[in-house]
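Read the figures in this text as sums done on the coordinates, not as results from a lab. Computed from a predicted model, the values in this text were never measured in an experiment. FYI the Cβ positions are ideal-geometry reconstructions off the backbone, even for glycines, and counts take in every protein chain you see.
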There are 2 protein chains.
Amino acid sequence: APAAPGSAGESSDFDPLLSPTAYADGPDAGPDGLDGPAACPGTEERVGILLIDHGSRRPASNEHIHNVATVYEGSLRRDASAKVVRAAHMEIAEPGILVALRDLITHCRATRVVCVPYFLSPGRHSTEDVPRLISEARDALKGEGIEAEVVISNALGTAMPQMLGAIDVLVDGALVK
Amino acid sequence: APAAPGSAGESSDFDPLLSPTAYADGPDAGPDGLDGPAACPGTEERVGILLIDHGSRRPASNEHIHNVATVYEGSLRRDASAKVVRAAHMEIAEPGILVALRDLITHCRATRVVCVPYFLSPGRHSTEDVPRLISEARDALKGEGIEAEVVISNALGTAMPQMLGAIDVLVDGALVK
């Protein structure tokens, strides 16, 4: 039988389709080994996806979005999509947006990058600050001779059916406790 | 033909199953009339659901979660669920947690309330601050002779399959633009 999710040394068993409540340590018991740059095997051109949150002084908060990126990339790989997923922070923590975009384009050969503002409401961060930082990063990369198509999606929390589904799952989980 | 969603005076057409990108003004073009206390028709006992975010100095950010609550309640009503949904803020903006819980229990006759921390990561707000504020509110209500079962769910962003689904939808939407 497989080890219980979240048990020591078994974090590679992290399964995005399991409820986070199934993990002893929560969803952040997920993938290890996120400190170094992740591998970008193969030589084909890719779509890059960059999840961008604010950045926190709490390492656990910063790790969360990197875990989400890793799990999301893993879920895409099953579909054999030529997509590579990374996370970056607006400020406070590394990697910032410029560093992550440069890595996606040069190291991971992304020719198109979709930046996803990982914020719940379409507030100032997702509608003004992140677009400005992306624009500045794009200009800086252009100065380095590095170019790719970089677009920005709506804020995560504007995907209303998915948010309602999340509330549903969490309410049901709390009611059966 | 129905008016385009998001057009002036037609916000009651807000449809949670439509992509937020279908609305000219985004999902916050949603339901009007959220300023006063919403109606709680009927006399049956209910499950209350309280969405709790941080609270912002920006009215648009505060309105967002109330719109989500209204849309979510509307989606439940179609299932004839005896559930009533409200939103509250940790601080800065009204209603706070105490006011919202009191309203759910006394005005809306909720005998059980599930509080959903509307935060993306299981950080300090959702794991420490919100539970503490709920506990304080429960004690205050007990002092007023108002009691109900109040439980707290995991943070919104820990519903991993739904968050991955949201990323998928947003990335696809950005790539076809």
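Mind checking which pairs have a first residue in the stretch B:135-157 that is of a type in the set (Asp, Glu) and a second that is surrounded by fewer than 20 Cβ atoms within 10 Å (Cβ to Cβ) and not in a helix (DSSP H, G or I), Cβ under 8 Å, 6 or more apart or different chains?
Cβ pairs passing all conditions: B:149/B:111; B:149/B:112.
So, in the stretch B:100-117, of the ones that are surrounded by fewer than 17 Cβ atoms within 10 Å (Cβ to Cβ) and β-branched (Val, Ile, Thr), which residue ends up nearest to residue B:44 (Cα to Cα)?
B:111
Against the conditions (1) touching a residue at least 40 places away in the same chain (Cβ under 8 Å); (2) more than 10 Å from chain B (Cβ to nearest Cβ); (3) within 19 Å of residue B:175 (Cβ to Cβ), where does residue A:126 fall short? Just the number, please.
Going through (1) touching a residue at least 40 places away in the same chain (Cβ under 8 Å); (2) more than 10 Å from chain B (Cβ to nearest Cβ); (3) within 19 Å of residue B:175 (Cβ to Cβ) one by one, residue A:126 breaks only (1).
Which ones in the stretch A:60-103 are touching a residue at least 12 places away in the same chain (Cβ under 8 Å), of a type in the set (A, V, I, L, M, F, W, C), within 12 Å of another protein chain (Cβ to nearest Cβ) and assigned to a helix (DSSP H, G or I)?
A:60, A:65, A:68, A:69, A:71 - these are the residues of the stretch A:60-103 that are touching a residue at least 12 places away in the same chain (Cβ under 8 Å), of a type in the set (A, V, I, L, M, F, W, C), within 12 Å of another protein chain (Cβ to nearest Cβ) and assigned to a helix (DSSP H, G or I).
Has the stretch B:107-114 got any residue that is within 9 Å of chain A (Cβ to nearest Cβ) and more than 14 Å from the chain's Cα centre (by Cα)?
Let us first name the residues in the stretch B:107-114 that are within 9 Å of chain A (Cβ to nearest Cβ), namely B:112, B:114.
Next, only the ones that are more than 14 Å from the chain's Cα centre (by Cα) stay: B:112.
Yes - at least one qualifying residue is present in the stretch B:107-114.
Condition check: at positive phi and under 14 Å from the mean Cα position of the chain (by Cα). Does residue A:55 satisfy that?
Values: at positive phi: yes; under 14 Å from the mean Cα position of the chain (by Cα): yes.
Taking the combined requirement at face value, the residue satisfies it.
For residue B:120, all conditions in the list (1) in a strand (DSSP E or B); (2) buried (at least 18 other Cβ atoms within 10 Å of the Cβ) hold save one; what is the number of the exception?
It fails just one condition, (1).
Does residue B:86 qualify as being more than 20 Å from residue A:173 (Cα to Cα) and of a type in the set (D, E, K, R)?
Values: more than 20 Å from residue A:173 (Cα to Cα): no; of a type in the set (D, E, K, R): yes.
The answer is no for residue B:86.
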